[in-house]
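Novice: One structure, as structure tokens, below. Some questions next.
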Amino acid sequence: MASYFGINGDGGNFFSNYFQTGGSSSGISLGDYASIQNGTYKKLLTAYYEKTGKTSKDEAASDKESSIGKKTVNAAADASALSNAAAKLMKRGSASVFSLKEMEVTDEKTGQKTKKKAYDRDAIHTAVKDFVDKYNALVDSGSELDNTNILRNTLNLTKMTKANAGILSDVGITIGDGSKLVLDKEKLSRASVKDLENIFQGNGSFGSQVVEKASSIAGAAAVENAKASGTYSNTGSYSKYLDTGKIYKELL
């Protein structure tokens, strides 16, 4: 299966291409980022930061830095999760959630069951709902940080979504309080599958733009984590960094 925007068919993480490999001076390791995505790193951080109360000003300052660190990890993980959710909706061909499937259909009048090609509306709802949930989680975590780059990129994501409010509303996705998405299951169940494909698939689609914006948020979070972890060099540059937008630009 071909990959879409660097995400492979099984939902692999496209952000792996962002991280430089090799020794400690060449970049953030893929293993480290994988631990962030699967939750291991987050759990370790949580356990560490909840150990004891603080007894000095230095420890209080350290606690503040730790809180910022956890929030940037959350933002990076949420950005990855959103991109993976978008990847499921971007798949084409037989693997597409929007493709016709052989399904058992019950006649409403006679109750007779027959097999025929039809759209799996339950699978479509599950995939779209997952996308909406992951989007909202990223809006939350991205807006909680007092970091200009992350806040700006989160704002860009919500502004781009508002620009697509009309086509999203046609398929049951609206923008609610706090710039979060709201899904109307009934309207989605009646939505044109062609409209859904146009929204989520192909270069320039809403789906591809979400991946681009999420990658920018992940990039900003990775830079902030590098800065907090002491990888900001005395020459004023990062020895570990993420090239924001690199993958998306390579695919254009």
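FYI, it's all coordinate maths here, none of it is from the lab. Quantities reported herein were computed from a predicted structural model and do not represent experimental measurements. Every residue, glycine as well, gets a Cβ built from its backbone with ideal geometry; the counts of neighbours run over all protein chains shown.
Novice: Full extension from LYS187 to ASN156: what is 0.36 nm times the residue separation minus their Cα-Cα distance, to one decimal in nm? Provide the component values of the computation, followed by the final result.
Specialist: Details: separation 31, 0.36 × 31 = 11.16 nm, distance 2.70 nm.
Length gained, LYS187 through ASN156: 8.5 nm.
Novice: Sticking with this structure for a sec: Over 25 Å between Cα atoms, which of LYS109/LYS129; LYS70/LYS180; LYS101/LYS213 qualify?
Specialist: Details: LYS109/LYS129 31 Å; LYS70/LYS180 22 Å; LYS101/LYS213 32 Å.
Check vs 25 Å cut-off fails for LYS109/LYS129; LYS101/LYS213.
Novice: Strictly over 31 Å apart at the Cα level, which of LYS115/LYS162; LYS116/LYS187; LYS113/LYS185 would you flag in this model? Walk me through the intermediate numbers first.
Specialist: On the way: LYS115/LYS162 40 Å; LYS116/LYS187 23 Å; LYS113/LYS185 25 Å.
Where the Cα-Cα span goes over 31 Å, the pairs concerned are LYS115/LYS162.
Novice: Further question: For the pair ASP122 and ALA163, what calculated FRET efficiency results from E = 1/(1 + (r/R0)^6), where r is the Cβ-Cβ distance and R0 = 35 Å, to the nearest 0.05? Present the calculation step by step, with values, prior to reporting the outcome.
Specialist: On the way: r = 30 Å, r/R0 = 0.86.
After rounding to 0.05, the efficiency reads 0.70.
Novice: Within the set of other residues whose C-beta is less than 11 Å from the C-beta of ASP122, count the net charge using Lys and Arg as +1 and Asp and Glu as -1.
Specialist: Numbers: positive: LYS101, ARG121, LYS129, LYS185; negative: ASP120.
Around ASP122, the surrounding residues sum to +3.
Novice: Follow-up. In the neighborhood of LYS159, defined by Cβ-to-Cβ distances under 15 Å, what is the net charge if each Lys or Arg adds +1 and each Asp or Glu adds -1? Display every interim value, and only then the final one.
Specialist: On the way: positive: ARG152, LYS162, LYS180, LYS213; negative: GLU212.
Residues close to LYS159 contribute a combined charge of +3.
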